[in-house]
Structure formats: C-alpha cells, structure tokens
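Participant: Once you've had a glance at the structure underneath, I'll fire off some questions.
Any read-out appearing in this document is the output of simple, stated calculations on the displayed coordinates, not a laboratory observation. These numbers were taken from a predicted model, which means no experiment stands behind them. Cβ placement follows ideal geometry from the backbone for every residue including glycine, while neighbour counts extend to all protein chains displayed.
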Amino acid sequence: MASYLQCLEHSDYDKLIALFTEDATVESPLYGPQSAATFYRELFADTRQSQITPLGFFTNHEQGTGAANFHYAWTLANGQRVSFDCVDVFYFTEKRKIRHMKIVYDTNRTRSSWQQQRQA
C-alpha cells in the first residue's frame, strides 16, 4: 500500500496500474465506479500535483483486504487546491494484486472545485 501511495503522489500511471489486475475496478465518490485504468487516466488528467501524508495502514491477510488512511493535498489541473483525509480500501487477489478498491472521504470540500474544473 505504501507503493500505491507513492505512485499516486507522483501520478505514475504505469507503475500504479501494474499494482492492479487487468479487470480491476475502483469506486470513487467523485468519479463513480469504473475500471481502474479509466479512473487513473481521468484522475491524473485532473491533477497538477498531489501531496500525500500517510496516516496508517491496516491489513487482514486472511481476508485479502487492506486499507490506507492518508491526508491528500490535491492541486487540480486548473490550479485550485483542495485537501482532505481519505481511506482507500483494497481487495486483493491471492497474488497480492488489487482487484477492487473503494475510496472513502467526504467530498463536501472538493466537489465544487472539481466540478468547476470539469466544466471549464
């Protein structure tokens, strides 16, 4: 999960997507449910810079699940800045590839900035 956060912070699409299965899905409060490939292409197109501060990692190897709690300072492509605490919940295959991820955070402070950028 630490590798995931590093790839996310640096918008490293190739390394990030390699952590997922080919058919992996992501559920995002802003982008909705979609394939991981589509989600990260859209997210990185909407991002000028990301700064991530890890707050904690949680794993349950028996269940094949994990979670990363972090603070996300996000500069949108149009220069607007938003920040929030987030939890990404991971569902892994037996080979430790991410097959599904659910993103959990309050979009109250981010949604209007994100929508303004998408409409421009």
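Participant: Full extension from Leu55 to His71: what is 0.36 nm times the residue separation minus their Cα-Cα distance, to one decimal in nm?
Facilitator: 5.1 nm
Participant: Next up: Could you tell me how many degrees, from 0 to 90 and to the nearest 10, lie between the Cα long axis of helix 36-45 and the main elongation axis, the longest principal axis, of the Cα atoms of the chain?
Facilitator: 30
Participant: At what distance in nm do the modelled label points of Ser11 and Thr107 sit from each other, each positioned 7 Å from its Cα along Cα→Cβ?
Facilitator: Result for the modelled spin labels: 2.1 nm.
Participant: Oh, and also: Within the set of other residues whose C-beta is less than 13 Å from the C-beta of Leu5, count the net charge using Lys and Arg as +1 and Asp and Glu as -1.
Facilitator: Taking every Cβ under 13 Å from that of Leu5, the sum is -2.
Participant: Let me ask another. Between Phe58, Phe92, Phe44, which gets the highest mean-square fluctuation from a Gaussian network model of the chain, Cα cutoff 10 Å?
Facilitator: In the Gaussian network model the winner is Phe58.
Participant: Pick the calculated Cα extents along the principal axes in Å for this structure from [x] 44, 27, 22; [y] 35, 34, 24; [z] 61, 25, 24?
Facilitator: After the calculation, the listed value that fits is [x].
Participant: What is the chain's relative contact order, in percent, from Cα pairs under 8 angstrom and six or more apart in sequence?
Facilitator: Across the chain, relative contact order equals 23 percent.
Participant: Could you pull the Cα extents of region 65-120 along its three principal axes, largest to smallest, in whole Å?
Facilitator: 42, 20, 16
Participant: Charges only on Cβ, +1 for Lys and Arg, -1 for Asp and Glu: so what's the dipole of the chain about the Cα centre, in debye to the nearest 20?
Facilitator: The dipole of the chain has a size of about 220 debye.
Participant: Using a 10 angstrom cutoff on alpha carbons, build the Gaussian network for the chain and name the most mobile of Val89, Val104, Val26.
Facilitator: In the Gaussian network model the winner is Val104.
Participant: Multiplying the sequence separation of Ser3 and Glu62 by 0.36 nm and subtracting their Cα-Cα distance, what value in nm do you get?
Facilitator: 19.1 nm
Participant: Please identify, among Ala67, Ala18, Ala36, the residue showing maximal mean-square fluctuation in a Gaussian network model of the chain using a 10 angstrom Cα cutoff.
Facilitator: Ala18
Participant: Continuing with the same structure: Could you work out the helix-only [θ] at 222 nm for the chain, with each DSSP H run of four or more residues adding -39,500 (n - 2.57) and the total divided by the number of residues, to the nearest 500 deg cm²/dmol?
Facilitator: So the calculated ellipticity at 222 nm is -7000 deg cm²/dmol.
Participant: Relative to the present Cα-Cα distance, how much length would full extension add between Glu22 and Phe44 at 0.36 nm per residue of separation?
Facilitator: Working it through step by step, the gained length comes to 6.1 nm.
Participant: Would you please classify the overall shape of region 44-96 from the alpha carbon gyration tensor, given that a ≥ b ≥ c denote the square roots of the eigenvalues, rounded means a/c under 1.5, and beyond that prolate means a/b larger than b/c while oblate covers the rest?
Facilitator: prolate
Participant: Here's a follow-up. Would you tally the net charge around Pro54, using a Cβ to Cβ cut-off of less than 12 Å, leaving Pro54 out, and scoring K and R as +1, D and E as -1?
Facilitator: It works out to a net charge of -3.
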